[in-house]
Amino acid sequence: MPRVRNLDIVSEARLIYAFDGIKKDVMRVAALEPILEAVSKTAQEDLSVPRLFDMTVSALRHADSADAEKSPLLCAAYLLKLFAVMGVRPSFHTCVTCGREIPLGSVHHVPAHGEVSAGAGTAEETRRFSFSGGGVVCDQCMLSEPTTAISAQTLVWSDALLHMTFDQVVECNCDLNRTFDILKFCQTWLQTNLAIRSKSLDFLFKSGLF
């Protein structure tokens with residue numbers, strides 16, 4: 001006999017969040033679509049993950065009420081947090097080959113007005129990073145691990161956004177160029193570690209909306 005799947009009967013449905021601020025703004029839609037694409041490709045059908053649901057709703061609610069210019073930064077913060085939830089969190093301070101601590105720099109404080117002070121040096125400073133290995137690589141190990149040179153400030157900000165609340169993300173002052181550098185980092189991380197080619201991120205980078 002053919003197998004018949006059990007079908008749940010939906011007796012009532014209610015709209016809780018309409019997200020009108022997002023739906024009516026093309027800039028927000030373009031910047032936040034990577035969130036929906038990423039979660040749709042990582043979440044498993046019939047597997048409830050309350051933490052992932054709550055995190056997604058929180059990111060979208062903050063984007064719905066914040067200035068549209070904050071949408072790319074909220075998207076970057078969400079993707080970094082998604083990596084942690086999915087168990088593929090990048091290592092920003094410890095060499096993934098030998099475990100040696102790497103002086104990357106740190107965010108000292110996040111005041112109420114979002115004036116973030118970072119401990120890394122100038123934007124010209126770079127660190128070696130292995131996307132396939134899972135994080136930063138020290139000078140002693142870089143010859144044994146395929147690496148990419150990434151701005152130390154981009155890695156500092158990525159680590160900071162990973163640990164910030166969305167309230168703090170909305171308040172912090174990360175410039176747009178840095179934000180897009182972080183999003184490009186997330187794009188490569190998605191493809192390397194979760195086998196996801198984000199078409200929505202490709203569109204965002206080419207759209208010229210920001």
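Overview of results
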item: Cross-chain or 6+ apart pairs with Cβ under 7 Å, region 11-34 first and more than 25 Å from Asp202 (Cα to Cα) and among the small types (Gly, Ala, Ser), then exposed (fewer than 10 other Cβ atoms within 10 Å of the Cβ) and modelled with pLDDT of 80 or more; result: none
item: The one condition in (1) in contact with a strand residue (DSSP E or B) (Cβ under 7 Å, 6 or more places away or on another chain); (2) in contact (Cβ under 8 Å) with a residue 40 or more places away in the chain that Met164 fails to fulfil; result: (1)
item: Residues located in region 184-203, provided they are aliphatic (A, V, I, L, M) and at negative phi; result: Leu190, Leu194, Ile196, Leu201
item: Qualifying residue in region 161-174 (condition: closer than 14 Å to Pro90 by Cβ and among the charged types (D, E, K, R)); result: no
item: Considering residues of region 155-184 that are among the polar types (S, T, N, Q) and buried (at least 22 other Cβ atoms within 10 Å of the Cβ) only, the residue nearest to Met86 (Cα to Cα); result: Ser158
item: Residue in region 59-77 that is assigned to a helix (DSSP H, G or I), free of Cβ contacts under 8 Å to residues at least 40 places away in the same chain, over 19 Å from Thr179 (Cβ atoms) and basic (Lys, Arg) present; result: no
item: Region 171-196 residues that are under 16 Å from Lys70 (Cβ atoms), paired with ones that are hydroxyl-bearing (Ser, Thr, Tyr) and assigned to a helix (DSSP H, G or I) (beta carbon under 9 Å, 6 or more apart); result: Arg178/Thr154; Ile182/Thr154; Ile182/Ser158
item: Arg28, sole failed condition from (1) modelled with pLDDT of 95 or more; (2) under 13 Å from the mean Cα position of the chain (by Cα); result: (2)
item: Residue within region 5-26 that is part of a helix (DSSP H, G or I) and under 22 Å from Asp175 (Cα atoms) present; result: yes
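Per-residue answers, yes or no, for (1) modelled with pLDDT of 95 or more; (2) of a type in the set (A, V, I, L, M, F, W, C); (3) surrounded by 14 or more Cβ atoms within 10 Å (Cβ to Cβ):
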{"position": "Cys75", "(1), (2), (3)": "yes, yes, yes"}
{"position": "Leu82", "(1), (2), (3)": "yes, yes, yes"}
{"position": "Pro90", "(1), (2), (3)": "yes, no, yes"}
{"position": "His93", "(1), (2), (3)": "no, no, yes"}
{"position": "Ile102", "(1), (2), (3)": "no, yes, yes"}
{"position": "His108", "(1), (2), (3)": "no, no, no"}
{"position": "Pro111", "(1), (2), (3)": "no, no, no"}
{"position": "Ser117", "(1), (2), (3)": "no, no, no"}
{"position": "Ala120", "(1), (2), (3)": "no, yes, yes"}
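The values are calculated or read from the model by the stated rules, or taken from the named source; none is laboratory data. Every value quoted in this text rests on a predicted model; they were computed, and no experiment measured them. Cβ sites come from the backbone with ideal geometry, for glycine too, and all protein chains shown count toward neighbours.
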